[in-house]
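Remarks on the structure that follows.
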Amino acid sequence: MTDLKDNFFVKFWGVRGSIPCPGSSTIKYGGNTSCLEIGIADTTLIFDAGTGLCQLGQALSKNNNLNLNLFLTHFHYDHIWGWPFFEPALRKTTKINIYAAASDMRLPPEKVLMKSLENKKTPVNLDTMKAELNFSEFIVGKSITLTEKINILTTELSHPDKAVGYRIQYNGKSICYLTDHEHNNKTIYNKLVEFVSNADIVIYDATYTNEEYAERMGWGHSTWEEGVRLCDDACAKTYVAFHHDPSHDDKFMDNVSKKLKRIRKNSLVAKEGLILKL
Ligand SMILES: [Zn+2]
Ligand SMILES: [Zn+2]
């Protein structure tokens, strides 16, 4: 039997960028936007609140007295649009600790998230969201000690309006989550190689192919081929291509997956429902 303290996994609840793309042509990889669940011992961490958060909320709702930790990379819609529809947040018995980067360029995180509930923008409003919400802002580059044994490092990514990259460390193992990042800045690239160094799992913004990228420079996203380069340079173990373009259907993604595995053995394309254990 596995001891609970050995529990360390990541589950993908939303793997898309930009907008959700449900339908028969995306059934295999999924159509929800960014949301990861990371389970460590008896602690639940959630990364990003894209539309994948809705299904995660339904799964979590089976439990009472939830104590959750939500980390946001940035505030583009595809990373927060599940928030008003997150069922556990409606319950008085739920506690959610929400972490986001501090920035003097924009509103504090609580204002941004709560604004999405104001002025009848959604059927949920500030009165119906009854959970205890605790907001924490951090300086990018500093680490967060979540528990004695769970340490989360943060780093700057290259993205319009900025985004944060995370490295979650526990028991000598690590998962890096680097989404909404463009590989166009050499200084940031070199810092990332160090940040990702020897990680067990690297989840990376692979929105485009190198061929497509030529037409989309400056849009704030990277390619699956660049993910290979980063993981090789950083001697990372498993590479997971993530934040798929909504126009890439299952056939397209199967093709990316085939090419990716040919180039780098320990690689895979993220899909909804995928669980990786460390
Ligand atoms: Zn995004
Ligand atoms: Zn973004």
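Side notes on the structure shown:
- On the stretch given as segment 172-187, residues that are at pLDDT 95 or above and either assigned to a loop (DSSP other than H, G, I, E, B) or touching a Ser or Thr at 6+ places or on another chain (Cβ under 7 Å) (or both) total 6.
- Any hit, segment 189-204, residues being outside any helix (DSSP H, G or I) and either of a type in the set (Asp, Glu) or without any contact (Cβ under 8 Å) to a residue 24 or more places away in the chain (or both): yes
- When each of Thr51, Thr93 is tested for being of a type in the set (Ser, Thr, Tyr) and within 13 Å of ligand 1 (Cβ to nearest atom), the lone residue that passes is Thr51.
- Subset of segment 205-224 [of a type in the set (Gly, Ala, Ser), within 16 Å of ligand 2 (Cβ to nearest atom) and either over 12 Å from Ala241 (Cβ atoms) or not in a loop (DSSP other than H, G, I, E, B) (or both)]: Gly218, Gly220
- The set of residues in segment 128-181 being under 30 Å from Asp245 (Cβ atoms) and either surrounded by fewer than 14 Cβ atoms within 10 Å (Cβ to Cβ) or of a type in the set (A, V, I, L, M) (or both) consists of Val140, Gly141, Ile152, Leu153, Leu157, Pro160, Asp161, Ala163, Val164, Ile168, Ile175, Leu178.
- Total residues in segment 71-87, condition away from ligand 1 (no atom under 11 Å from the Cβ), crowded, with 24+ Cβ neighbours inside 10 Å and in a helix (DSSP H, G or I): 1
- Unmet requirement for Ser103, which otherwise passes all of (1) away from ligand 2 (no atom under 16 Å from the Cβ); (2) hydroxyl-bearing (Ser, Thr, Tyr); (3) out of contact with any helix residue (DSSP H, G or I) (no Cβ under 7 Å at 6 or more places or on another chain); (4) outside any strand (DSSP E or B): (1)
- All positions within segment 30-69 that are closer than 21 Å to Tyr204 by Cβ and in a loop (DSSP other than H, G, I, E, B): Gly30, Gly31, Asn32, Ser34, Asp48, Ala49, Gly50, Thr51
- Residues in segment 246-262 that are surrounded by 17 or more Cβ atoms within 10 Å (Cβ to Cβ) and over 12 Å from Gly31 (Cβ atoms): Val256, Ser257, Leu260.
The values are calculated or read from the model by the stated rules, or taken from the named source; none is laboratory data. Given the structure is predicted, the values throughout are model-derived calculations rather than measurements. Counting neighbours? That spans all protein chains shown, and the Cβs are built from the backbone with ideal geometry, glycine included.
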